[in-house]
Amino acid sequence: MQLPYKLLFISTPVSVIGTGLGGGVELALFNITQEMTRRGHQVEVVAPQGSVMQPFTVKEIAGELQIPVQNQTRNSPITMPKNSVLANMWEYARQVQTQYDLIVNFSYDWLPLYLTSFFNTPIAHRISMSSWTDAMDNIIEQVAIRFPDTIAVCTQAQAATFKFEQQCTCLLNGVDLSIYQFCNQPSNNLAWVGRISPEKGIEDAVAAAQITGIPLKIFGVKQDENYWQKTCQDYPDAPIEYMGFLSTVELQKELGQCLALLVTPHCVEAFGNVAIEALACGVPLIAYSRGGLTEIVQDRKTGFLVEPDSVQGLVTAIQRLDQIDRYACRQQAEATYSLEALGDRVEQWLQNILNNSTQKKSIL
Ligand code: HBI
């Protein structure tokens, strides 16, 4: 297959791009679009109506959003709303598929996996979450076996939650380092960044702020207002400040001035975009030793891995922050999480899939 590629990227059906509710997927979609475009590939992005991803234009598709899988349990069946935006985006993909070399699915949903064998254009799947329901595990496994190399994950830790771990390509993630400024003179603040939702565990960071007395700045969308209110009530004396959901440019300015980023999820996170954003600013990480974070944090070099769900562990790590060289944090981001490094991994992944499908065609 000759470069450049014609690529069709289909976003997650759980959110409108630009709202922040798309979390890691929004950032990955933007970064991969930017880097693939810079390399001369042609990219079209398809996303739910209202999506904005400047400077790129988005093909907006109407319809009802999908229920996020984290609201479901292991045995939940697959459900679709009427006039599903997921179904509508894939109907659009079906219609235009002949204009593209490859389609990339950025959602964690059953339908695009199921549709893989019905399309003539190969589909690559970027799986953004760990194992969550049996129905999803099952369909991803079928695709992994039948279409080698098409399943990519963020980290080995994420892959290890699936039976088909060995069939996964690991992409990690990346950030545009030119927007994140290294800051070596932090003020006396800790940071927490993320969607405010129970699985993200913000209450543990707030508890650590209350114990240490070091102010905690909180950045992100309040996805679960009741959970946020309860956290504030449970820790009335915690020195916390809610900063809102900021643009990347504003976030990095504030984040860079913090002593450390606390990353305290109760679930196995596939990656940890906020962690690499912090590293890019030279901000050390204090993270639960769980999921993708175990592969991002270099313990005692660019931060500390803490026993999961241990507030005392967070407090101890905060007291040891002077052992971390902020420049080592920025250097880790430059070595592994630049857009160029991400682009090399993504390009290799797509190339493997295209080679496989060209071989398949020549056998037929
Ligand atoms: N749930 N059903 C579904 N589909 C997704 O694409 C999805 C999700 N939950 C969370 C999720 N994606 C995350 O990766 C967020 O970054 C949006």
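The values are calculated or read from the model by the stated rules, or taken from the named source; none is laboratory data. Bear in mind that the values here come from a model prediction, so they are computed numbers and not experimental data. Please note: Cβ atoms are built from the backbone with ideal geometry, for glycine as well, and neighbour counts cover all protein chains shown. Ligands, DNA and RNA are excluded from the accessible area calculation, which covers all protein heavy atoms including side chains. Shrake-Rupley method; radii C 1.70, N 1.55, O 1.52, S 1.80 Å.
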Item to complete: Skip the ligands, DNA and RNA, and give the accessible area per residue of the chain with a 1.4 Å probe, whole Å².
Response: 42 Å²
Worksheet, complete the sentence: A student applying the Cα gyration tensor rule (rounded when a/c is under 1.5; otherwise prolate if a/b is larger than b/c, oblate if not) would label the stretch 160-199 oblate
Worksheet item: What residues have an amide H closer than 5 Å to that of Phe245, excluding those fewer than 5 places away on the same chain, when H is modeled at 1.01 Å from N in the peptide plane?
Response: Gly220
Worksheet item: What percent antiparallel are the DSSP beta bridges of the stretch 1-76, to the nearest 5?
Response: 10 percent
Worksheet entry | Interchain or long-range residues, amide H under 5 Å from Ala260's placed H | Ala191
Practice prompt. Just need log10 I(q)/I(0) for the stretch 186-286 at q = 0.19 Å⁻¹, Debye formula, equal scatterers on the alpha-carbon atoms, no solvent, rounded to two decimals.
Written response: -0.89
Worksheet, complete the sentence: Looking only at aspartates and glutamates whose Cα falls under 12 Å of Lys301's and that sit 8 or more positions away or on another chain, we get Asp322, Asp325
Worksheet item: Rg/Rh for the chain: what does it come to with C-alpha atoms and Rh from Kirkwood?
Response: 0.97
Worksheet item: Quick one: Cα centre-to-centre distance for the stretch 202-265 and the stretch 1-23, in angstrom?
Response: 29 Å
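Over the stretch 13-159, what is the percentage of antiparallel beta bridges among all DSSP beta bridges, to the nearest 5?
10 percent
May I ask you to give the percent of accessible area on the stretch 177-336 that is carbon plus sulfur, with a probe radius of 1.4 Å? The partial results should precede the final answer.
On the way: 2980 of 6530 Å².
So the carbon and sulfur contribution to the accessible surface is 46 percent.
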Response to the item:
Inter-part gap, Cα centre of the stretch 121-159 to Cα centre of the stretch 292-356, in whole angstrom, is 22 Å
Worksheet item: Where does each of 147-155, 115-123 land if you order them by average Cβ count within 10 Å, highest first?
Response: 147-155, 115-123
Worksheet item: Helix-derived [θ] at 222 nm for the chain: sum -39500 (n - 2.57) over DSSP H runs of at least 4, divide by residue count, nearest 500?
Response: -11500 deg cm²/dmol
Worksheet item: Rounded, prolate or oblate: which fits the stretch 131-208, taking a ≥ b ≥ c as square roots of the Cα gyration tensor eigenvalues, rounded meaning a/c under 1.5, else prolate when a/b beats b/c?
Response: oblate
